[in-house]
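The values are calculated or read from the model by the stated rules, or taken from the named source; none is laboratory data. Worth saying up front: this structure is predicted, and the values here are computed from it rather than measured. With ideal geometry, Cβ positions are generated from the backbone for all residues, glycine too; neighbour counts draw on all protein chains shown. With ligands, DNA and RNA removed, areas are computed over all heavy atoms of the protein, side chains included. Shrake-Rupley method; radii C 1.70, N 1.55, O 1.52, S 1.80 Å.
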Amino acid sequence: MELRELFRLQQASRQRLKETTAAERIEKLERLGQAVLAKLPQLTEAVYQDLRKPAPETVLSEAYPVLSEIRHARRNLPDWVKPMNVPSPLVLFNARSEIRYEPKGSVLILAPWNFPFQLAVAPLVSAVAAGNSVIVKPSELAPRSAAFTKQLLAELFDPAEVAVVEGDRQVAQSLVRLPFDHIFFTGNARVGREVMAAAATNLTSVTLELGGKSPAILDASTDVREAADKILWGKCLNTGQGCVAPDYVLLPEPMEKPFIEAAREAIEARYGPESQIADNPDYGRIVNRDHFRRIQKLVEDAVRGGASIEVGGVFREEDCFISPALLCGIPSEADILQEEIFGPVLPVVSYLGPDEAVRFVASRPRPLALYVFGKNENAIEKFVREIGAGATVTNDVVVHFGSPYLPFGGFNHSGMGKSHGHFGFKAFSHERAVLHQPKNSLVRLLYPPYRRFTRKVIQLTARFF
């Protein structure tokens, strides 16, 4: 079906979907959840073919977040769709005020390649819960996952409600030029700007889930071994190809060597000695050679500038393998400390005091996530209070992404708008103000002509009400 024809078909279904009940939407989500569980083997195989991601990791990072969103929406949707009564000001004391949540209408979800199923279908859960028609455009860089997603959703939904459109960058550009009622984009900031510019032409609202350099800061009170274990888990998840992966580590100078040694031990405990990591089925690959070469160039440029590779750093282009690597002694102007790495390479930067660490992070665009480690609560709170970020986790990494009770998203360079749970429902909803005014309203006392009594009432209203 041609894009404009599909778009018109979905627009024509907006009113019908708007009138669906919470029970009807829950039934759709139940069928989606059952289908995901039934097709887990096909899902894990598709993602493996695209990213060589191990099956357990696919279940954890692709299927579980979607199923969690479905369960959360099913439990809470009846309350979410109810009109919310709110107070009225004294000047409207006998009026009744409420907020109604209505679907935005026809929406577009542009999904990335790094979590190709989860980042396409989890927003879809929110969009369907809110009563929208949806076009999903998965990334062409994960073609097998895209094909799986298309087949799955085609078996569950009428194209007038949900459809998947595959294709390259030109297809995405054609889609964002259509006058959708909302666009939900996950990707990098450069493309996010292009999406926002195209959406502005039609005054379409957007949610932008971007990325950035998410730091992991260790306070002097940190248990170094525990921190290294958690940070390296987050860094190697999906081979570092995640928007909330810890991008670099900031730690007190005396902790540098102990951290490197603890990181080395954590890597070996999970994936074996350096010589065996490439053959370990629990370790993935970089998505393609372009991204492989980009990461390799970041490392090579840093080393030429004086950095040293303390752990790992094996690059094998034929299968896009990069072993987990730690770099130290990196010049502050190096590109690897400016650009999001999106791979299993972890720069380690030392600081002399907490204020220096705060300045280092503050000199860069606000990150999507901030990770702070330590036992000293006052020290942790200083970093949380003084460093802006989309989200913050203390004494762990990445895990906030799995909570449907927390808003997920950045601000400025790391994103715009929120998703997950009720926040995702609201992202795809219009919060409509409704005020029911009775026949006898005090507001009529404020109408012209402005004689002495009316002026007195207006003065009293401004002063006291």
Does the range 81-94 contain any residue that is closer than 29 Å to V399 by Cβ and in contact (Cβ under 8 Å) with a residue 24 or more places away in the chain? no
Hey, any hits in the range 76-83 for a residue that's open to solvent by 90 Å² or more (accessible area, probe 1.4 Å), touching a strand residue (DSSP E or B) at 6+ places or on another chain (Cβ under 9 Å) and either among the hydroxyl-bearing types (S, T, Y) or modelled with pLDDT of 95 or more (or both)? yes
Pairs only if they're at least six apart or on different chains, beta carbon under 7 angstrom, first in the range 101-114 and touching a residue at least 60 places away in the same chain (Cβ under 8 Å), second of a type in the set (S, T, Y) and in a loop (DSSP other than H, G, I, E, B); list them, first residue then second. A111/S139; P112/S139; W113/S139
List, please: which pairs have Cβ atoms under 9 Å, are six or more places apart or on different chains, and start with a residue in the range 25-41 that is in contact (Cβ under 8 Å) with a residue 60 or more places away in the chain and farther than 16 Å from Q118 by Cα and end with one that is among the hydroxyl-bearing types (S, T, Y) and surrounded by 13 or more Cβ atoms within 10 Å (Cβ to Cβ)? K28/T20
Pick from the range 446-465, criterion open to solvent by less than 100 Å² (accessible area, probe 1.4 Å) and touching a Ser or Thr at 6+ places or on another chain (Cβ under 8 Å), ranking: farthest from V125 (Cα to Cα): P448
Can you find a residue in the range 299-315 that is part of a helix (DSSP H, G or I), surrounded by fewer than 16 Cβ atoms within 10 Å (Cβ to Cβ), modelled with pLDDT under 95 and out of contact with any strand residue (DSSP E or B) (no Cβ under 9 Å at 6 or more places or on another chain)? no
Yes/no for R144 being within 22 Å of P65 (Cβ to Cβ), of a type outside the set (A, V, I, L, M), touching a helix residue (DSSP H, G or I) at 6+ places or on another chain (Cβ under 6 Å) and surrounded by fewer than 24 Cβ atoms within 10 Å (Cβ to Cβ): yes
If you take just the strands (runs of 3 or more DSSP E) that sit entirely in the range 336-445, which of them hold at least 3 residues that are open to solvent by 20 Å² or more (accessible area, probe 1.4 Å), under 28 Å from A129 (Cα atoms) and not hydroxyl-bearing (S, T, Y)? 429-436
In the range 91-119, residues that are within 20 Å of G187 (Cβ to Cβ) and of a type outside the set (A, V, I, L, M) total 7
Read through the list (1) more than 24 Å from the chain's Cα centre (by Cα); (2) part of a loop (DSSP other than H, G, I, E, B); (3) of a type in the set (D, E, K, R), then give the number of the only condition that R16 fails. (2)
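So that you can scan it fast, the table gives a plain yes or no per residue for (1) touching a Cys at 6+ places or on another chain (Cβ under 9 Å); (2) polar (S, T, N, Q); (3) modelled with pLDDT of 95 or more; (4) under 25 Å from M255 (Cβ atoms):
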site	(1), (2), (3), (4)
D355	no, no, yes, yes
R359	no, no, yes, yes
A369	yes, no, yes, yes
G424	no, no, yes, no
E431	no, no, yes, no
H436	no, no, yes, no
R463	no, no, no, no
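Listed here are the residues, each with its yes/no results for (1) of a type in the set (V, I, T); (2) farther than 30 Å from R71 by Cβ; (3) touching a residue at least 24 places away in the same chain (Cβ under 8 Å).
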{"site": "V345", "(1), (2), (3)": "yes, yes, yes"}
{"site": "L352", "(1), (2), (3)": "no, yes, yes"}
{"site": "V358", "(1), (2), (3)": "yes, yes, yes"}
{"site": "A362", "(1), (2), (3)": "no, yes, yes"}
{"site": "E377", "(1), (2), (3)": "no, yes, no"}
{"site": "G390", "(1), (2), (3)": "no, no, yes"}
{"site": "P404", "(1), (2), (3)": "no, no, yes"}
{"site": "G410", "(1), (2), (3)": "no, no, yes"}
{"site": "S419", "(1), (2), (3)": "no, no, yes"}
Residues in the range 155-172 that are part of a helix (DSSP H, G or I) and open to solvent by 70 Å² or more (accessible area, probe 1.4 Å) total 3
